[in-house]
Each structure stands twice: as C-alpha cells, then as structure tokens.
C-alpha cells in the first residue's frame, strides 16, 4: 500500500516552500511531502537570469539547506508527477511511485511559453524557466558571438544585459511597441530602450521572430517580421509564461487559464488548494509576481492546516536593475479609468503617481532604490495625495 501523507505539495518554488512553512507553523506533527520537480534543492527562481554572466553554483540560490527540511520533518522528493487521482486521493510519479494524501496543494508554477515558428531550426532554441535551463544557456553561449533574445519583458531584458556583459553581440526583439509595456509608462520604456542601446544592445520593437532556419555553417537565419533577416549563433525566447495546469486539469480540478481558486486559495475540490503562478483568482487574475506567490503559499498552507486565512489580493511591486539603473513598478493601471496622473522628475530620479479620489493607487519609480519600501507602503496604504507629494517631491 502507498504511504498516505497528511499534506502533499506539488511544486517547490516559493509558493510551495511557503505553503510547507505555514503548515508546519500550525501542524508540527502531520506528515508532509514536498514534491520538487527539479534536480536540486528548492531555490529562488528570480536569481537565475540575473546571474548568467557570473554563473552560479548548483545550490547557490537554495531557499533552505537540506538540514532545514529534515528539522521541519518535510520529506523532499525530487521527482516529477504523472497523475493525480482525486477519488482515491492518490498521486503517481513518473517513476510509478504512489502516494496518498489528505490535503493537496498545487504549486506547480508556470512554464515558459514556447514560440510559434516556421523553419527547420525551430527546435534549436533556448527557453529559460529553471536553473538547469539557465546553466545550459551559460554553457552553450560561451563559444558563440551573436545571440538574439526574443522578449522585452523583465526576464528578456535581464538576459540581454547579462549576455552583453559576457561580451556577446545581442539583438533584442520585442513584439510590442514599448519595452516592458505592461509595467512601464512610455517615458520609462523609452529611457530603458535608450539605456540598452547605449550599452551595445540592438533593440527591435514591434516585430517578432517568425521563423528560424539552419544555415550551412551552423548559424541560424531568423526571419523577423516581414522584412528583417538576422544571422545569429543562438536564439533565446522569453515571451511570457503559462500556468502549469496540466496535472490539475487532468485530475478534474476546475481550470481556466490557471487553476481556479477562491479567496482561501481553495480549488473546486475542498481538500485541494493552489498557490503561486498557477492560481487564478476569483476576478480572473494570475499574479505572476514573486512576493504574491510567497503570500499565496502561506495562505494555502495555513488553510490546508485548518485555518481560515483570506487572500485579499494586495498589490505587489516589480523591480528590475540593469546597467546600474533601478526600475520600480507597482499597480500601474492598464487603462487610465479616471486616474489622475502626476509626474515628478528630478533626473536621474523619476516618479509617476496614479491617484484616484485623491488616494494613491499605483506608482512607477526610477533610481530611488533607498525609498523602495516607502513606495510599497504608500501604494498599499493608499496615501493621500498631499502626503505623497510631500514625501516624494
């Protein structure tokens, strides 16, 4: 008979790690299995693309050492899952190991979105989601000169910065008209564009890589948009991610874009929860931010252990540091929707505030890193306009 655990968590990123931590806060005795689908200790995923230039050791970014899991009586299993049977409350790994569960938490995160491409070279591309994939990029990029990075979000920009620091000739292709268009205004996007070009990165916006073909001398010929053709040695795609819902969907859990949860991080089955980049909240949002996944994991773990915690979907900040410039974005509205926009510019420091009914709803910041915590507090607490202007002006 398979061993039955009181708690099983599938996925050992920050959401899964925090869920395990929360369970142990409220239940020090219940058996707990944390299934880690990777080849190393659970680690801080946001560090890997920031260290492509210097490289990193195998467990350099581990969230905790092996002794932590032993001390907390958390069984850590480095294996991938094959299936979940809800009726039997049983999981099966790809090696056909079976485990029973009383409470289950999906923290499967997201997977890198693959591009849709034509050409006989489309299999020879690189995606970046895991530490193993980062190390593959590091080793494969060493002997080459030219690299194309497709994707103008945070990860794509950080990849481009790291590889140009390694002496590579980098072209960054972004399908939207502005870099980081979901998180920056037009001013900061233009500032970032110019910053990358100043540091030797060729930036092509409003186009996308459509095909990759092999050439006779082991190069790649890229078709970018209708007109542009590029010869490169290596192509890396960072065009977004998708919630990894396959395991839950196959088990019969309600899914949409992500695993559908309520404000307790509970799924359509009362003994199953989800947290992090895989969770879709009641309003349809999927957060996709590190600190949001951290809090969701804590909520899911607490409730699996019998608490009644509520996830209220607070705003979280996004930050990026490239070429010694610090970018901060928090709760920037996608549409104006009646917001009052106020800009304070004291270059190299820049602020863009978004107010509604005289209360701060969101903000952008450049190069005032020491006040980042104050920025977070101001948005979360919805400071009055007068207080904001007095503090940041």
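Report whether or not residue 149 is assigned by TED's automatic domain parsing to the domain that holds residue 135, in contact with a helix residue (DSSP H, G or I) (Cβ under 6 Å, 6 or more places away or on another chain), under 19 Å from residue 237 (Cβ atoms) and not in a loop (DSSP other than H, G, I, E, B).
Numbers: assigned by TED's automatic domain parsing to the domain that holds residue 135: yes; in contact with a helix residue (DSSP H, G or I) (Cβ under 6 Å, 6 or more places away or on another chain): yes; under 19 Å from residue 237 (Cβ atoms): yes; not in a loop (DSSP other than H, G, I, E, B): yes.
When the stated conditions are applied, residue 149 passes them.
Check residue 367 against each of (1) more than 24 Å from the chain's Cα centre (by Cα); (2) touching a residue at least 40 places away in the same chain (Cβ under 8 Å) and name the one condition it does not meet.
For residue 367, the failing item is (1).
Do the conditions hold for residue 327, that is, is it over 21 Å from the mean Cα position of the chain (by Cα), in contact (Cβ under 8 Å) with a residue 12 or more places away in the chain and in a strand (DSSP E or B)?
In short, no.
Report, by residue number, each residue of the stretch 253-271 that is more than 13 Å from residue 297 (Cα to Cα) and either in contact with a strand residue (DSSP E or B) (Cβ under 9 Å, 6 or more places away or on another chain) or modelled with pLDDT under 95 (or both). Lay out the reasoning, then the answer.
As a first pass, look at the stretch 253-271 and keep what is more than 13 Å from residue 297 (Cα to Cα): 253-260, 262, 267-271.
The answer is 253, 254, 255, 256, 257, 258, 259, 260, 267, 268, 269, 271.
Determine if the stretch 156-166 includes at least one residue that is over 21 Å from the mean Cα position of the chain (by Cα), outside the structural domain of residue 39 (by TED's automatic domain parsing) and surrounded by fewer than 20 Cβ atoms within 10 Å (Cβ to Cβ).
For the stretch 156-166, residues over 21 Å from the mean Cα position of the chain (by Cα), outside the structural domain of residue 39 (by TED's automatic domain parsing) and surrounded by fewer than 20 Cβ atoms within 10 Å (Cβ to Cβ): present.
Quick one: which strands (runs of 3 or more DSSP E) sit completely within the stretch 203-287 and have at least 2 residues that are under 18 Å from the mean Cα position of the chain (by Cα)? I'd like the intermediate steps shown before the answer.
Values: elements: 209-214, 220-224, 228-232, 234-237, 241-243, 272-274.
Those strands (runs of 3 or more DSSP E) span 234-237, 241-243.
In the list 354, 350, which residue meets the criterion of being without any contact (Cβ under 8 Å) to a residue 24 or more places away in the chain and in a strand (DSSP E or B)?
354
Among (1) loosely packed, with under 15 Cβ neighbours inside 10 Å; (2) farther than 18 Å from residue 318 by Cβ; (3) in contact (Cβ under 8 Å) with a residue 60 or more places away in the chain, which single condition is residue 139 missing?
It is condition (3) that residue 139 fails.
Just give me the residues in the stretch 105-114 being buried (at least 19 other Cβ atoms within 10 Å of the Cβ) and closer than 20 Å to residue 208 by Cβ, in sequence order. Working first, answer last.
Filtering the stretch 105-114 for residues buried (at least 19 other Cβ atoms within 10 Å of the Cβ) gives 105-110, 112.
Residue satisfying the conditions is 112 alone.
Can you name the number of the only condition in (1) in a loop (DSSP other than H, G, I, E, B); (2) touching a strand residue (DSSP E or B) at 6+ places or on another chain (Cβ under 9 Å) that residue 307 fails?
(2)
Go through the stretch 63-90 and report how many residues are surrounded by 15 or more Cβ atoms within 10 Å (Cβ to Cβ) and in contact with a helix residue (DSSP H, G or I) (Cβ under 9 Å, 6 or more places away or on another chain).
Residues in the stretch 63-90 being surrounded by 15 or more Cβ atoms within 10 Å (Cβ to Cβ) and in contact with a helix residue (DSSP H, G or I) (Cβ under 9 Å, 6 or more places away or on another chain): 11 in total.
Working only within the stretch 374-393, note down all residues that are in contact with a strand residue (DSSP E or B) (Cβ under 7 Å, 6 or more places away or on another chain), surrounded by 14 or more Cβ atoms within 10 Å (Cβ to Cβ) and either part of a helix (DSSP H, G or I) or at pLDDT below 95 (or both).
Those that are in contact with a strand residue (DSSP E or B) (Cβ under 7 Å, 6 or more places away or on another chain), surrounded by 14 or more Cβ atoms within 10 Å (Cβ to Cβ) and either part of a helix (DSSP H, G or I) or at pLDDT below 95 (or both): 375, 376, 378, 379, 385, 388, 392.
The values are calculated or read from the model by the stated rules, or taken from the named source; none is laboratory data. Computed from a predicted structure; not experimentally measured. Don't worry about glycine lacking a Cβ; one is built from the backbone with ideal geometry, like all the others, and counts go over all protein chains shown.
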